[in-house]
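Undergrad: First, the structure itself, so that you have it in front of you.
The values are calculated or read from the model by the stated rules, or taken from the named source; none is laboratory data. The structure displayed is predicted, hence computed values, not measured ones. Cβ placement follows ideal geometry from the backbone for every residue including glycine, while neighbour counts extend to all protein chains displayed. Protein only, heavy atoms only, side chains kept; ligands, DNA and RNA dropped before computing areas. Shrake-Rupley method; radii C 1.70, N 1.55, O 1.52, S 1.80 Å.
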Amino acid sequence: RRKTVSIPIGHLFYEVGPDVHLVADSVRATQLHDEYTDTPEYMALLRGALHLMKQSRIDLLVVGLPVALLHLKKSALEKAMMGTHDVGGGKTVTVVKALAVAQPQGALAHYASVHKKMATIGNEQSLIIDPGSRTFDWLVARGMRQVQKQSHSFNRGMSDVLRLIAAEITKDIGSPYRDLDAIDLALRTGKQPVIFQKSYDITRFMPMAEAVAQQAVSAMKQYIESPHSLQNIILVGGGAFLFKKAVKAAFPNHKIHEVKEPM
């Protein structure tokens with residue numbers, strides 16, 4: 001049996017979960033735009049996660065938003081999260097209270113907890129860099145509080161890299177290539193994708209991928225007013241492995257802290 005959950009949203013059921021790739025629909029509705037939290041797909045993923053938590057009541061549910069969308073979407077998202085959710089299979093989960101935070105803020109709390117720094121980080125300045133699928137987020141924090149004018153995000157993430165490489169493969173093989181998951185896996189593991197029964201070398205496209213990372217990091221640097229006063233630079237997110245080189249080049253005098261499971 002595949003590990004998925006069927007979630008009712010409106011008049012449709014959405015199948016979500018770790019084994020969703022076995023559903024075998026080549027076109028998955030990945031919502032890569034600023035209104036993604038308003039979509040039924042987002043709610044289906046949220047309720048699928050609630051189902052897999054195996055709790056009937058949650059006192060406080062913490063959810064994340066890209067830095068640039070936090071003030072715009074915070075109250076509406078918190079409101080949508082609270083209440084009773086139908087999580088399929090005749091089960092419901094009640095969320096008593098919700099809190100939406102900037103996505104990198106969650107990473108900062110995780111880093112401080114893992115490294116036993118909860119007591120000291122309150123007096124430190126940190127930069128958390130979070131290259132995700134859709135957005136490149138960064139947050140400058142004094143203690144746990146966001147420095148708003150130095151924190152931001154924009155739409156330059158791993159999905160841009162994957163689409164760029166897919167377009168180049170399409171040109172090369174002469175037929176549409178859309179297996180972004182295979183490209184993602186190849187970039188992470190170094191194991192090349194198999195196309196037309198042959199191992200396909202995508203290493204020649206790495207300079208293009210690294211250029212996306214460099215553009216994102218360069219844009220971020222314009223917001224950072226005093227890099228010399230940063231005590232922690234923390235790199236997280238699904239794109240951490242690809243953006244690491246650009247981040248190290250941008251901050252040559254700092255140690256870049258990574259977490260064990262950046263995604």
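Undergrad: Only helical DSSP H runs with n ≥ 4 go in: add -39500 (n - 2.57) per run for the chain, normalise by residue count and round the 222 nm mean residue ellipticity to 500 deg cm²/dmol.
TA: -11000 deg cm²/dmol
Undergrad: Using 0.36 nm times the number of residues separating residue 117 and residue 208, minus their current alpha carbon distance, what extension gain do you get? Each step should come with its number before you reach the end.
TA: Numbers: separation 91, 0.36 × 91 = 32.76 nm, distance 3.74 nm.
Additional length available on full extension: 29.0 nm.
Undergrad: Okay, moving on. Mean-square fluctuation check for the chain, GNM, Cα pairs under 10 Å: which of 40, 104, 18 is largest?
TA: Among 40, 104, 18, the largest mean-square fluctuation in the Gaussian network model of the chain belongs to 18.
Undergrad: What accessible area per residue, rounded to a whole number of Å², is obtained for region 5-101 using a probe radius of 1.4 Å?
TA: Value for region 5-101: 59 Å² per residue.
Undergrad: Given a 1.4 Å probe and every protein chain left where it sits, what share in percent of the accessible area of the chain is carbon and sulfur?
TA: Of the solvent-accessible surface of the chain, carbon and sulfur hold 54 percent.
Undergrad: Among (1) 150; (2) 238; (3) 251, only one was calculated for this model; which label is it, if the read-out is volume of the Cα convex hull per residue in Å³?
TA: Read-out from the structure maps to (1).
Undergrad: Still on this structure, please answer the following. Run through region 207-257 and list the trypsin sites (Lys or Arg not before Pro) located in a DSSP loop whose Cβ has at most 14 other Cβ atoms within 10 Å.
TA: On the way: sites: 221, 244, 245, 248, 255; in loops: 255.
Sites meeting the loop and neighbour criteria: 255.
Undergrad: Kindly flag which residue pairs out of 3/54; 3/91; 221/244; 73/260 have an alpha-carbon separation exceeding 19 Å in this structure.
TA: From 3/54; 3/91; 221/244; 73/260, over 19 Å: 73/260.
Undergrad: Of all DSSP beta bridges located in region 5-101, what percent are antiparallel, nearest 5?
TA: In region 5-101, DSSP labels about 55 percent of beta bridges as antiparallel.
Undergrad: Sticking with this structure for a sec: Net charge near residue 186, counting Lys/Arg +1 and Asp/Glu -1 over other residues with Cβ under 11 Å of its Cβ?
TA: Around residue 186, the surrounding residues sum to -2.
Undergrad: Need one number: % antiparallel among DSSP beta bridges in the chain, to the nearest 5.
TA: Of the beta bridges lying entirely in the chain, close to 60 percent run antiparallel.
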